[in-house]
Amino acid sequence: MKTKLPFNIIYLESCSSTNTLLKEEDYAFNTCLVTDEQTMGRGRLSRSFISTKGLGLYFSILLDKSNYLNILNKITCLVASITRRAILKQINCEVLIKWVNDIYINNKKICGILTESKNNKLIIGIGINLYHQVFPGTINASSIEDETGIRIDKDQLLKDLLEELNNIQNNQSSLMNEYITNNLVIGKMVSLLINEKEVEVRVLGVNSDGELVINNNGKQEQITSAIITKVSIL
Ligand code: BTN
């Protein structure tokens, strides 16, 4: 028997950003805001996230941070892993994670995750490009349909994601293993943007806390926050 999920889902036709609404307005914990489009969809480090009407699954969940303190440092990684799992329930191809919060098919970004917190709020936002669309040439993004020919069932995907999310505490070790094994940056030379400075480093791995382990000019370092701007094939 399946347990009833604790999330209260609210569907919107359009909004600025589901993360911003949950962060700035007064919603109850466990509210899940799903929208058809976002006019100001946001990504990490103040980047924008294109959220075109009807072409993706764009949603955020408001959680009580005090229930997640034990996994707060790696929550983005765990959410990336559950998102990969939920996508793989409907398609059969290689789906990889790019540290820390992006999901790729055929070397194109098809999903981004934005985890934020404010006071006791923990907000998890997920944007998945589902159906055919043309992105500006400057962005290396695509949709699941464009990469695989498959039109994902959006409602089923949301349901699978919420089920996985509800079990995130119990499954953290397998989710973290999957995150590490299916990460496209491991072993690669990458350009890292840290505090507005770009450095070329070799990625040695991702540790169990979700930190990027790098070789920076012969020195091994652990990185908690940065953006990978370029991944070389070497
Ligand atoms: C990124 O690419 O860095 C993360 C993108 C996260 C996008 C999702 S869509 C739902 C939620 N609302 C937002 O404004 N952002 C997240």
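The values are calculated or read from the model by the stated rules, or taken from the named source; none is laboratory data. These numbers come from a predicted model, not from an experiment. Positions of Cβ are backbone-derived with ideal geometry, glycine not excepted, and every protein chain shown enters the neighbour counts.
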- [ ] Any chance you could count how many residues in the stretch 16-38 are of a type in the set (S, T, N, Q) and either assigned to a helix (DSSP H, G or I) or more than 10 Å from the ligand (Cβ to nearest atom) (or both)?
- [x] 5
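Restrict the check to the stretch 81-90 and report whether at least one residue is within 14 Å of the ligand (Cβ to nearest atom), touching a residue at least 24 places away in the same chain (Cβ under 8 Å) and under 12 Å from the mean Cα position of the chain (by Cα).
Step one: list which residues in the stretch 81-90 are within 14 Å of the ligand (Cβ to nearest atom), which gives 83.
Add one more test, that the residue is touching a residue at least 24 places away in the same chain (Cβ under 8 Å), and what stays is 83.
Narrowing the set further to residues that are under 12 Å from the mean Cα position of the chain (by Cα) leaves 83.
Looking through the stretch 81-90, at least one residue is within 14 Å of the ligand (Cβ to nearest atom), touching a residue at least 24 places away in the same chain (Cβ under 8 Å) and under 12 Å from the mean Cα position of the chain (by Cα).
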TODO: Scan the stretch 76-90 residue by residue and report those that are farther than 22 Å from residue 135 by Cα and surrounded by fewer than 22 Cβ atoms within 10 Å (Cβ to Cβ).
DONE: 76, 85, 88, 89, 90
Open item on the list: Within the stretch 1-15, take every residue that is farther than 30 Å from residue 193 by Cβ and modelled with pLDDT of 95 or more and give me the one that is farthest from the ligand (Cβ to nearest atom).
Closed with: 8
Open item on the list: For residue 91, only one of the following conditions fails: (1) part of a helix (DSSP H, G or I); (2) of a type outside the set (S, T, N, Q); (3) touching a Ser or Thr at 6+ places or on another chain (Cβ under 9 Å). What is its number?
Closed with: (1)
TODO: Please enumerate the residues belonging to the stretch 40-75 that are over 24 Å from residue 148 (Cα atoms), touching a residue at least 60 places away in the same chain (Cβ under 8 Å), surrounded by fewer than 16 Cβ atoms within 10 Å (Cβ to Cβ) and within 16 Å of the ligand (Cβ to nearest atom).
DONE: 45
Task: Residue match in the stretch 62-76 (condition: under 24 Å from residue 105 (Cβ atoms), of a type outside the set (Lys, Arg), under 15 Å from the mean Cα position of the chain (by Cα) and in a helix (DSSP H, G or I)) - done: yes
